[in-house]
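The values are calculated or read from the model by the stated rules, or taken from the named source; none is laboratory data. Just so we're clear, the structure is a prediction, and the values are computed from it rather than from any experiment. Heads up, the Cβs are rebuilt from the backbone with ideal geometry, glycines too, and the neighbour counts pull from every protein chain shown.
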Amino acid sequence: MAHVNDPAVIDRLLRTPGTWAVVGLSTNRARAAYGVAAYLQGLGQTIVPVHPRAETVHGAPGVRTLAEVDGPVDVVDVFVNSGLAGAVVDQAIAVGARAVWLQLGVVDEDAAARAAAAGLDVVMDTCPAIEGRVRGLA
């Protein structure tokens, strides 16, 4: 069965301040993750860049893996290709994240089902910046 995004979940995730671990976020300004992370900060979200290089992005110190994030993770924002998304979702479940957000073009139905079964909110194949703007946020 295909995952269907719940508008109420999207609203809550975007409107409730929290910690977003942005997987795939680097200092590369040409990548969508760079702009989306700045947008999330503008909404009052705390971002944690998660990337093998652990770069500081938008003033936020990076970490190499989700397991290295200090403190609770509200949303794991997944900016990796669909073939790698399942492993990231499994890591999100393992660290006790409250939600996973698979970016526009990132689809893994099995991973979404695993996350939902573990009690995480799941948003897939859409962008927080697009969803936020549709809702009149920032």
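With the structure loaded, tell me whether Val36 is touching a helix residue (DSSP H, G or I) at 6+ places or on another chain (Cβ under 8 Å) and either closer than 18 Å to Val123 by Cα or among the aromatic types (Phe, Trp, Tyr) (or both) or whether it fails that test. Considered against the rule, which asks whether it is touching a helix residue (DSSP H, G or I) at 6+ places or on another chain (Cβ under 8 Å) and either closer than 18 Å to Val123 by Cα or among the aromatic types (Phe, Trp, Tyr) (or both), Val36 comes out as yes. Residues that are surrounded by 16 or more Cβ atoms within 10 Å (Cβ to Cβ) and among the small types (Gly, Ala, Ser) within the stretch 109-138 comprise Ala111, Ala112, Ala115, Ala118, Ala129, Gly132, listed in sequence order. When Val106, Val89 are checked against the criterion of being surrounded by 20 or more Cβ atoms within 10 Å (Cβ to Cβ), under 19 Å from Arg31 (Cα atoms) and either at pLDDT 95 or above or aromatic (Phe, Trp, Tyr) (or both), Val106 stands alone in meeting it. Ala21 meets the conditions (1) within 15 Å of the chain's Cα centre (by Cα); (2) more than 19 Å from Arg64 (Cα to Cα); (3) in contact (Cβ under 8 Å) with a residue 60 or more places away in the chain in every case but one. The failed one is (2).
Just a yes or no: is a residue in the stretch 67-74 among the β-branched types (Val, Ile, Thr), in contact with a strand residue (DSSP E or B) (Cβ under 8 Å, 6 or more places away or on another chain), surrounded by fewer than 13 Cβ atoms within 10 Å (Cβ to Cβ) and without any contact (Cβ under 8 Å) to a residue 60 or more places away in the chain? Among the residues of the stretch 67-74, not one is among the β-branched types (Val, Ile, Thr), in contact with a strand residue (DSSP E or B) (Cβ under 8 Å, 6 or more places away or on another chain), surrounded by fewer than 13 Cβ atoms within 10 Å (Cβ to Cβ) and without any contact (Cβ under 8 Å) to a residue 60 or more places away in the chain, which makes the answer no. What residue, among those in the stretch 39-61 that are within 16 Å of Gln91 (Cβ to Cβ) and in contact with a Leu (Cβ under 7 Å, 6 or more places away or on another chain), is surrounded by the fewest Cβ atoms within 10 Å (Cβ to Cβ)? The selected residue is His51.
Select from the stretch 1-45 the residues that are hydrophobic (A, V, I, L, M, F, W, C), assigned to a loop (DSSP other than H, G, I, E, B) and closer than 23 Å to Ala117 by Cβ and list them in ascending order. Don't jump to the end; show me each part of the working.
Step one: list which residues in the stretch 1-45 are hydrophobic (A, V, I, L, M, F, W, C), which gives 1-2, 4, 8-10, 13-14, 20-23, 25, 30, 32-33, 36-38, 40, 43.
Next cut, assigned to a loop (DSSP other than H, G, I, E, B) only: 1-2, 4, 25, 30, 43.
Of everything in the stretch 1-45, those that are hydrophobic (A, V, I, L, M, F, W, C), assigned to a loop (DSSP other than H, G, I, E, B) and closer than 23 Å to Ala117 by Cβ turn out to be Met1, Ala2, Val4.
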